[in-house]
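Reading through the structure tokens given below for one structure.
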Amino acid sequence: MKRPLIIGHRGASAYAPENTMASFKKALALGADGLEIDVQMSKDGHLVICHDERVDRTTDGTGAIQALTLKELQKLDAGSWFSKEFKGEKIPVLEDLLDCLRGRNILLNIELKNGIVLYEGLEEKILEALGIYRMEHCTVLSSFNHYSLLKIKGLNPRIKVGILYVAGMVRPWEYARSIGADGLHPIYYSVRPEIVAGAQTHQMPIYTYTVNEISDLEKIAGMEVAGIITDYPDRGRNAVDKI
Ligand code: G3P
Ligand code: CA
């Protein structure tokens, strides 16, 4: 049986401030095979790694990312809210992470955060950055906005995209194929044996999120999914190593 890849959700967000370089480094140190990150766009068109559309929850600032310039965003402390130990962590730009991962055997899952704010040109900019850093081959793009995935496949049919969804989708591989997607990114509790079997038959890898409890990790690790997205890469590693 092929072991699932362990993908650090927003890095190792149980141990370090999510979506910071400290979190990404921690995930890799804990044995993650890949990283899941969230990308938004600043007022002046830079790709920044942040989960929320606003900076309020994860920095010492306030405001919408789309209303702040990169210079304004990078003045913010994105670490202290988590712990004093991380004071001074910055909101990373995508290119910083791509530069750091270039040439390493790491799967990068970029989630486009364009379900609430429809950032003009987000897809094009991400593809351009991946091209510059030659990271297309080891990246999977995902989004809850499936129109965006459709657009990406139109721009670059070779790039891998996966549909993010919650639960209740019937034969998700058929829907995914219909929009040209390459994989399924369901919430973990909707991953049942018949879904795994159908996805395998249709050559659709499953990357499931966000699996944090040890019992859930052990259950999913035994289900032949392609990847497990977790805040605890160490727990994920242990679960997979038991197979
Ligand atoms: O990878 C999927 C997962 O990250 C989606 O949920 O809210 O954590 O971005 P969220
Ligand atoms: Ca995400």
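Coordinate-derived values only; no laboratory data. Nothing here was measured: the structure is a model prediction, and the numbers come from that model. No Cβ is skipped: glycine too gets one built from the backbone with ideal geometry, and neighbour counts run over all protein chains shown.
Here are the numbers for this structure:
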quantity: DSSP-loop trypsin sites (Lys or Arg not before Pro) across the stretch 164-243, with at most 16 other Cβ within 10 angstrom; calculated: K242
quantity: Amide H contacts of N145 (H built 1.01 Å from N, under 5 Å, at least 5 apart or other chain); calculated: N114
quantity: For the stretch 5-241, share of DSSP beta bridges that run antiparallel, in % to the nearest 5; calculated: 15
quantity: Largest-first principal axis extents, alpha carbons of the chain, Å; calculated: 48, 39, 34
quantity: Links that overshoot a 29 Å alpha carbon limit, given the list K90/K113; K2/K84; K25/K219; calculated: K2/K84
quantity: Relative contact order of the stretch 5-241, defined on C-alpha pairs under 8 angstrom at six or more residues apart (%); calculated: 19
quantity: Spacing of the two label points (7 Å from each Cα toward its C-beta) at E85 and T69, in nm; calculated: 3.6
quantity: For the stretch 65-109 versus the stretch 228-243, the gap between their alpha-carbon centres in whole angstrom; calculated: 24
quantity: Contour minus Cα-Cα distance for R57 and E174 (0.36 nm per residue); calculated: 38.4 nm
quantity: Spin-label model distance (nm) - Q203 vs K43, 7 Å beyond Cα toward Cβ; calculated: 4.8
quantity: The stretch 5-241, dipole about Cα centre (Lys/Arg Cβ +1, Asp/Glu Cβ -1), debye to the nearest 20; calculated: 260
